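Here's the structure we're looking at; comments come further down.
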Amino acid sequence: MTSLSVETLAAAATEPITSAGNTQLGIAVLAGIAVIVLLITRLKLHAFLALTLGSLALGVFAGAPLAKTISSFTAGLGATVAGVGVLIALGAILGKLLADSGGADEIVDTILARAKGRAMPWAMVLIASVIGLPLFFEVGIVLLIPVVLLVAKRGNYSLMRIGIPALAGLSVMHGLIPPHPGPLVAIDALHANLGVTLALGVLVAIPTVVIAGPLFSRYAARWVDIPAPEHMVPQRPSAELEHRPRFGATVFTVLLPVALMLMKALVDIVVDDPANAVQRVTDVAGSPLIALLAAVLVGMFTLGRAAGFTKARLSVTVEKSLAPIAGILLIVGAGGGFKQTLIDVGVGRMIMDLSQNWAIPALLLAWLIAVAIRLATGSATVATISAAGLVAPLAAGMSTTETALLVLAIGSGSLFFSHVNDAGFWLVKEYFGMTVGQTLKTWSVMETIISVVGLGFVLLLSLVL
């Protein structure tokens, strides 16, 4: 089903960089998070510096050698920037091409003409869910941000009324629906049936995304009533453009990476043979890096050249697209560094040790373990992998349906309350121009709603199936 297994990941895991007990580790986690929050909210320190200092404080309180703490932080920062950072950069280039050529205007004008008023949040959640089906969360974010910001500004909507539905669509797909890596690894670890898990995942995802997206966005817009940040909103194309790309060409360019990644996922499921030539080709073409790079290169013709851009103008557009994301890259990278420090000091193992003696129903146990690891490490994927490995013995005597629901319970728990140790938290905060408090009241609450509501529907299905 997938070549990535829990056993493989466990074998590759390193020993914790500290010998601290569970109590000390728990105190260290709380202290590290407190340092970050206080530095940002009280001292108004830049988030990059706060995350760096918070990571060092975590290591100190956990009793880890300073050199190893620094190594963990820099390794996490480097891995995050190398992965997510490149995707953000490519997404920024594509977004700038969309904006400067008039392609984003074409999409926004079409959306505003077809969906108005109360229908707009529903349109956004549908678009985000479709785009987010085969994509990593970060890729979906960088593809949707230009459209979300322009719709909010042009339609004079509160940013949360438009942004929350889009984020909910992406997040639900990421946590519950294969072929995302988290659900796939859990399916493999628990020996669940992919088709049954996908079908039940859709049943859980639809009402969950409705509640956490369009419905919750009404309250989020009241709690945090902010406009789209001016420095992030794509500017209108210059007046000298004679024409702008057609709607069909623009949508094709935006959906090209989606199609490539979906093709890879389908081939991986149907063929499932690493030696197969078709799968080798789709594995390359459907990787996030190549898929977004292909969209950028295609966009230079379907967007830039279609709008009459010269080679020099295309070069200027690419150059200007990268400057605004420098701060975002550093903050997201530092968030990845803090997450890696948490993992390396042994917080994940601490949670797993403490949860082994919990005497509660299997579905709720799986959800709680995933929640605890998510809160401690900030990573939905780490939470899914760790929880699946821990509860795998429980799946041995379960039916096909029960095993699929166990996967979905883990996926729901892995999305619980994103906060300062999650790189995604900082990505949303910076793109939407919010404070830490505003991000907690909107994005973090939305993630919690997804997690709790998802569990609720999983438990409901367990009673009727």
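Place +1 on the Cβ of every Lys and Arg and -1 on the Cβ of every Asp and Glu in the chain, take the dipole about the Cα centre, and give the residue among Leu289, Gly433, Val125 whose Cα lies farthest towards its positive end. Farthest towards the positive end: Gly433.
Taking label points 7 Å from Cα along the Cα-to-Cβ direction, Thr448 and Asn276 give a separation of 4.4 nm. The stretch 109-132 and the stretch 396-465 have Cα centres separated by 23 Å.
Per-residue extension of 0.36 nm, minus the Cα-Cα distance of Trp122 and Leu66, leaves a gain of 15.2 nm for this segment. Only helices enter the 222 nm calculation for the chain: every DSSP H run of n ≥ 4 contributes -39,500 (n - 2.57), and dividing by all residues gives -23000 deg cm²/dmol, rounded to 500. Model label sites at Ala82 and Tyr219, defined 7 Å from Cα along the beta-carbon direction, differ in position by 4.2 nm.
Peptides 15-25, 269-279 ranked from most to least packed, by the mean per-residue count of other Cβ atoms within 10 Å: 15-25, 269-279.
Counting only protein heavy atoms and a probe of 1.4 Å, the accessible surface of the chain is 67% carbon and sulfur. By a 1.4 Å probe calculation restricted to protein chains, Leu297 has an accessible surface near 90 Å², given to the nearest 10.
In this simple spin-label model, placing a label point 7 Å from the Cα along the Cα-to-Cβ direction at both Leu297 and Ala326 gives a separation of 2.9 nm.
Plainly put, the stretch 27-170 has a radius of gyration that is 1.11 times its Kirkwood radius, both from alpha-carbon atoms, as the Rg/Rh ratio. For Val130 and Leu463, a Förster radius of 30 Å and the Cβ-Cβ distance give a FRET efficiency of 0.50, rounded to the nearest 0.05. Ordering Ile226, Leu51, Ser379 by the projection of their Cα atoms onto the charge dipole of the chain, which places +1 on the Cβ of Lys and Arg and -1 on the Cβ of Asp and Glu, puts Ile226 at the extreme positive end.
Seen from Asp283, the other residues with C-beta closer than 10 Å to its C-beta sum to a net charge of +1, counting Lys and Arg as +1 and Asp and Glu as -1. Using the Cβ-Cβ distance between Glu319 and Glu230 with R0 = 25 Å, the FRET efficiency computed as 1/(1 + (r/R0)^6) comes to roughly 0.75. Electrostatic tally near Ile373: other residues with Cβ closer than 15 Å to its Cβ, Lys and Arg +1, Asp and Glu -1, net -1.
Put simply, the stretch 99-167 fits an ellipsoid with semi-axes of 18, 14, 11 Å; these come from the alpha carbon gyration tensor as the roots of five times its eigenvalues, largest first. When the C-alpha to C-alpha distance is required to be over 18 Å, the pairs from Lys96/Lys320; Lys68/Lys339; Lys116/Lys429; Lys44/Lys339; Lys44/Lys429 that qualify are Lys116/Lys429; Lys44/Lys339. Among 66-77, 98-109, 308-319, sorting by the average number of other beta carbon atoms lying within 10 angstrom of each residue, highest first, gives 98-109, 66-77, 308-319. Among rounded, prolate and oblate, which fits the stretch 198-303 when a ≥ b ≥ c are the square roots of the eigenvalues of its C-alpha gyration tensor, a/c under 1.5 means rounded, and a/b larger than b/c means prolate? Judged from the Cα gyration tensor, the stretch 198-303 comes out oblate (a/c at least 1.5, b/c at or above a/b). Cβ-Cβ distance of Leu255 and Ser399, R₀ of 56 Å, FRET efficiency by 1/(1 + (r/R0)^6): the value works out to about 0.90.
Cα centroid separation, the stretch 246-290 to the stretch 22-51: 40 Å.
Highest mean first, the peptides 328-338, 110-120, 46-56 sorted by other C-beta atoms within 10 Å per residue fall in the order 328-338, 46-56, 110-120. Farthest toward the positive end of the dipole of the chain, out of Gly26, Thr69, Gly327, is the Cα of Gly327, where the dipole comes from beta carbon charges about the Cα centre. Placing +1 on each Lys and Arg Cβ and -1 on each Asp and Glu Cβ, with no other charges, gives the stretch 49-126 a dipole about its Cα centre of roughly 280 debye. Annotation: per residue accessible area for the chain equals 40 Å², rounded to a whole number [probe 1.4 Å, protein chains only].
Counting every Cα pair in the stretch 394-465, what percent are over 15 Å apart? In whole percent, the share of Cα-Cα pairs in the stretch 394-465 beyond 15 Å is 59.
Over all projection directions, the Cα-based convex hull of the stretch 307-465 averages an area of 13.2 nm².
The values are calculated or read from the model by the stated rules, or taken from the named source; none is laboratory data. Remember, it's a predicted structure, so these values are computed and weren't measured experimentally. Cβ: placed from backbone, ideal geometry, glycine included. Neighbour counts: every protein chain shown. What goes into the accessible areas is simple: the full protein's heavy atoms, side chains included, and nothing from ligands, DNA or RNA. Shrake-Rupley method; radii C 1.70, N 1.55, O 1.52, S 1.80 Å.
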